[in-house]
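Colleague: First, the structure itself, so that you have it in front of you.
The values are calculated or read from the model by the stated rules, or taken from the named source; none is laboratory data. Nothing here was measured: the structure is a model prediction, and the numbers come from that model. Quick reminder, even Gly has a Cβ in these numbers, built from the backbone with ideal geometry, and neighbours come from all protein chains shown.
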Amino acid sequence: MKLLKQIATFRAGHPLANPKIETLQQKLACLKQVKKVWMQQPLTGKHRVKVDEL
């Protein structure tokens, strides 16, 4: 709880923190979506993986 209060205080008091944090949160959300799609694609069978025989 104490850490959350410190973060909230920092965000409220620092004028440049809010846009940077929002931008990073948007990038994180985008990357999570990309990861989700990439993790689901092998399960669909749409993409075949070629395996070289030794």
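Colleague: Out of (1) loosely packed, with under 10 Cβ neighbours inside 10 Å; (2) modelled with pLDDT under 70; (3) of a type in the set (Phe, Trp, Tyr), what's the single condition that is false for residue 38?
Modeller: Here residue 38 clears every test but (2).
Colleague: Against the definition (at pLDDT below 70 and assigned to a helix (DSSP H, G or I)), how does residue 48 come out, yes or no?
Modeller: The answer is no for residue 48.
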